[in-house]
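Engineer: Structure in structure tokens, see below.
Here, each number is a calculation from the coordinates, and none is a lab measurement. Not measured: the values here are computed from a predicted model. With ideal geometry, Cβ positions are generated from the backbone for all residues, glycine too; neighbour counts draw on all protein chains shown.
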Amino acid sequence: MKYILEHNDLLEKVKIIDVRHEFQKEWENDTEMLKTFIDLNIGNFLPGDEDTFGSYLTNLMHFKGLTKTILAERTGISYNTIFKYLSDYGRKKPYTLALMIGFGLEPTQIDAVFSLAELRIDRHCTENNIINRYMLLGRSDDNAVAKCNQALMKFGFEPLTDLGTDAYGK
């Protein structure tokens with residue numbers, strides 16, 4: 001569950017992502033307009049020159065109002081493992097991909113995270129096409145990782161995590 005953002009927090013987020021200076025002064029007091037502007041421009045929240053994989057995802061987590069607990073629920077990855085990833089300790093490709101889906105990243109952010117994680121996937125095979133589809137779905141569906149895992153298994157591939165599988169919760 002996301003926490004409620006105060007109006008001033010929304011204004012700060014707008015300042016971060018308004019890279020083209022398109023935000024109009026008269027919108028400052030309209031909370032719904034702030035939220036809409038953020039939703040439309042969140043793809044501008046990209047890593048800085050000093051960001052690592054973990055620091056960018058930590059910043060993105062705070063920016064989106066997510067917690068490690070929410071990410072654990074969305075991905076099926078344990079709280080402790082998420083903590084390690086956000087601290088730049090060890091990464092497995094399937095869990096990294098599941099986190100990317102769980103974060104609900106925009107296409108520009110997906111490319112940035114691939115670069116920071118030093119990951120590459122071949123976009124010309126069925127397994128990776130399934131993963132790419134659910135990366136885009138993750139922006140609007142908190143159950144995208146479970147659905148991705150089910151689709152992967154349906155086509156005979158290994159799931160990214162146990163979420164949405166018979167092994168989940170055992």
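Engineer: Determine the relative contact order of the chain: mean sequence separation of Cα pairs under 8 Å and six or more apart, normalised by residue count, in whole percent.
Structural biologist: 19 percent
Engineer: Cross-link partners among lysines for residue 25, C-alpha distance below 18 Å, same-chain residues fewer than 8 apart left out?
Structural biologist: 13, 15, 35
Engineer: Then there's this: What is the gain in length, in nm to one decimal, between residue 50 and residue 35 on full extension, counting 0.36 nm per residue of separation less the C-alpha to C-alpha distance?
Structural biologist: Difference between extended and current length: 2.6 nm.
Engineer: Relative contact order for the stretch 53-154: what is it in percent, counting Cα pairs under 8 Å that are at least 6 residues apart? If you can, show how the numbers build up before the last one.
Structural biologist: On the way: 96 pairs, mean separation 29.1, N = 102.
Relative contact order for the stretch 53-154 comes out at 29 percent.
Engineer: May I ask you to order 21-28, 96-103 by the average number of other C-beta atoms within 10 Å around their residues, highest value first?
Structural biologist: Highest to lowest by the protection proxy: 96-103, 21-28.
Engineer: Follow-up. Grab the eigenvalues of the alpha-carbon gyration tensor for the stretch 53-154, scale each by 5, take roots, and send me the semi-axes largest first in whole angstrom.
Structural biologist: Over the Cα atoms of the stretch 53-154, the semi-axes work out to 19, 15, 13 Å.
Engineer: Computed on alpha carbon atoms, what radius of gyration and Dmax characterise the stretch 1-119, expressed in Å?
Structural biologist: 15.0, 46
Engineer: Give me the lysines in straight-line cross-link reach of residue 84: C-alpha distance below 21 Å, same-chain residues under 8 apart excluded.
Structural biologist: Here the lysines satisfying the reach criterion relative to residue 84 are 64, 68, 92, 93.
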